1. Output yes when any residue across segment 59-66 is in a strand (DSSP E or B), surrounded by 11 or more Cβ atoms within 10 Å (Cβ to Cβ) and among the small types (Gly, Ala, Ser), and no when none is.
2. For Arg12, indicate whether it is in a helix (DSSP H, G or I), loosely packed, with under 10 Cβ neighbours inside 10 Å, of a type outside the set (A, V, I, L, M) and free of Cβ contacts under 8 Å to residues at least 60 places away in the same chain.
3. Taking the criterion of being assigned to a strand (DSSP E or B), touching a strand residue (DSSP E or B) at 6+ places or on another chain (Cβ under 9 Å) and among the acidic types (Asp, Glu), would at least one residue in segment 34-57 satisfy it?
4. Name the one entry in Asp51, Asp67, Asp29, Asp44 that is without any contact (Cβ under 8 Å) to a residue 60 or more places away in the chain and more than 17 Å from Ser8 (Cα to Cα).
5. Out of the residues in segment 67-84 that are basic (Lys, Arg) and in a helix (DSSP H, G or I), state the one that is surrounded by the fewest Cβ atoms within 10 Å (Cβ to Cβ).
6. For Cys35, state whether it is surrounded by 15 or more Cβ atoms within 10 Å (Cβ to Cβ), at pLDDT 85 or above and either at positive phi or not charged (D, E, K, R) (or both).
7. Being modelled with pLDDT under 90 and at negative phi is true for just one of Lys69, Lys79. Which residue is that?
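The values are calculated or read from the model by the stated rules, or taken from the named source; none is laboratory data. Please read all numbers here as calculations on a predicted model, not as lab measurements. Using ideal geometry, Cβ is built from the backbone for each residue, glycine included, and neighbour counts are taken over all protein chains shown.
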Amino acid sequence: MSGRWKDSNRARRLPPNWRRIRAQILARDPVCKICGVRPSAFCDHIVAKADDHSETGLQGVCGPCHDQKSSREGNAAQKANPRPGRARPPEPHPGMK
């Protein structure tokens with residue numbers, strides 16, 4: 001498993017025939033569906049975390065567009081569910097009770 005998938009469970013959620021599906025999508029979309037310029041290299045889920053492996057739920061995209069889209073989706077997910085901060089809430093001064 002490559003470094004990009006290290007902390008992901010995405011590979012386990014793919015159907016057993018994923019390689020065939022991926023090949024079909026890249027054959028259908030030889031040019032990136034996002035920029036329309038570069039050749040498609042990735043089979044992208046149009047809706048993040050939807051696990052829609054149908055032809056209408058997937059698109060062929062180039063590497064730079066895939067990276068940008070994934071980054072936007074990851075940033076949005078972090079904003080929607082932020083990690084708790086390390087800062088402790090302020091405590092009243094002991095002499096002020």
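1. First, pick out the residues of segment 59-66 that are in a strand (DSSP E or B): 59-61.
Checking the rest, the ones that are also surrounded by 11 or more Cβ atoms within 10 Å (Cβ to Cβ) come to 59-61.
Filter once more, keeping what is among the small types (Gly, Ala, Ser): 60.
So far as segment 59-66 goes, yes, one or more of its residues are in a strand (DSSP E or B), surrounded by 11 or more Cβ atoms within 10 Å (Cβ to Cβ) and among the small types (Gly, Ala, Ser).
2. Yes: the conditions hold for Arg12.
3. Going through segment 34-57, the residues assigned to a strand (DSSP E or B) turn out to be 39, 42-45.
From what's left, touching a strand residue (DSSP E or B) at 6+ places or on another chain (Cβ under 9 Å): 39, 42-45.
Right, trim to among the acidic types (Asp, Glu) and you get 44.
Checked against the condition, which is being assigned to a strand (DSSP E or B), touching a strand residue (DSSP E or B) at 6+ places or on another chain (Cβ under 9 Å) and among the acidic types (Asp, Glu), segment 34-57 yields at least one hit.
4. So the residue among Asp51, Asp67, Asp29, Asp44 that is without any contact (Cβ under 8 Å) to a residue 60 or more places away in the chain and more than 17 Å from Ser8 (Cα to Cα) is Asp29.
5. Going through segment 67-84, the residues basic (Lys, Arg) turn out to be 69, 72, 79, 83.
Those left that are additionally in a helix (DSSP H, G or I): 69, 72, 79.
Numbers: Lys69: 18, Arg72: 11, Lys79: 8.
Here the residue is Lys79.
6. In short, no.
7. Working: Lys69 fails: modelled with pLDDT under 90.
When all the criteria are applied, what remains is Lys79.
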